[in-house]
Amino acid sequence: MGERLTIFSLGTNLGDRQANIKTALKRLDEELGSTYLRISPVIETEAMGFDGEPFLNCVVEYATALEPEQLLSLCKRIEREMGRTDPPEYDSEGRRIYRNRIIDIDILFCGDLKINTDKLTIPHPQVDTRPFIQKLLLLL
């Protein structure tokens, strides 16, 4: 399979947020074997879905031949290696419970693929419901 343009979002609201973004980008570059093609500005946003410190967020585009499931594993591994320990939690109605985090790496788009499994949804289901994601995509 050839390379696909893949867009990730990065977010952090714990510790040295600028350093967290830089570390995540460096790790993605290393794991994907190339530097990103494009990156949005890094912006500060309020925590959504919970009371927490403000986030720094950006979106970044890479060309990669990795399959989406491989990309998901890679993102989760980088998050854990950077110190993220919280597994996803859901309330009794199945809604996600959000918490502060050192890094969050989400796959927003992977070429024109559409995936909807228990572990992975592409395009990311919050692309249209998070105004800051829309803003960052326009700035990419």
- Query: Quick one: Ser34 ticks every box in (1) closer than 19 Å to Gln126 by Cβ; (2) free of Cβ contacts under 8 Å to residues at least 40 places away in the same chain bar one, so which box is it?
  - Reply: (1)
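Which of the residues that make up segment 10-59 are among the aromatic types (Phe, Trp, Tyr) and over 15 Å from the mean Cα position of the chain (by Cα)?
Applying the first criterion (among the aromatic types (Phe, Trp, Tyr)) to segment 10-59 yields 36, 50, 55.
Passing the criteria: only Phe50.
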- Can you find even one residue in segment 59-81 that is in contact with an Asp or Glu (Cβ under 9 Å, 6 or more places away or on another chain) and among the basic types (Lys, Arg)? yes
- Pairs with Cβ under 7 Å, 6+ apart, first in segment 79-90 and more than 20 Å from Arg27 (Cα to Cα), second not charged (D, E, K, R): Glu89/Ile97; Tyr90/Ile97
- Note on the structure: Within segment 84-118, the count of residues that are more than 22 Å from Asn57 (Cβ to Cβ) and modelled with pLDDT of 90 or more comes to 7
- Query: Any idea how many residues of segment 96-109 are under 16 Å from Phe8 (Cα atoms) and in a strand (DSSP E or B)?
  - Reply: 6
- Query: Only one of (1) touching a residue at least 40 places away in the same chain (Cβ under 8 Å); (2) out of contact with any strand residue (DSSP E or B) (no Cβ under 6 Å at 6 or more places or on another chain); (3) loosely packed, with under 14 Cβ neighbours inside 10 Å is not met by Gln134, so which one is it?
  - Reply: (1)
- Which ones in segment 96-108 are closer than 19 Å to His124 by Cα, buried (at least 19 other Cβ atoms within 10 Å of the Cβ) and among the hydrophobic types (A, V, I, L, M, F, W, C)? Ile103, Ile105, Ile107, Leu108
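Please count how many residues of segment 114-131 are assigned to a loop (DSSP other than H, G, I, E, B), surrounded by 14 or more Cβ atoms within 10 Å (Cβ to Cβ) and in contact with a strand residue (DSSP E or B) (Cβ under 7 Å, 6 or more places away or on another chain). Working first, answer last.
Here is the first cut: in segment 114-131, the residues assigned to a loop (DSSP other than H, G, I, E, B) are 114, 117-120, 123-130.
Then keep just the ones that are surrounded by 14 or more Cβ atoms within 10 Å (Cβ to Cβ); that gives 120, 123-124, 126-127, 130.
Pick out the ones that are also in contact with a strand residue (DSSP E or B) (Cβ under 7 Å, 6 or more places away or on another chain) and you get 123-124, 127.
Residues meeting the conditions: 3.
The values are calculated or read from the model by the stated rules, or taken from the named source; none is laboratory data. Just so you know, these numbers come straight off a predicted model, no measurement behind them. No Cβ is skipped: glycine too gets one built from the backbone with ideal geometry, and neighbour counts run over all protein chains shown.
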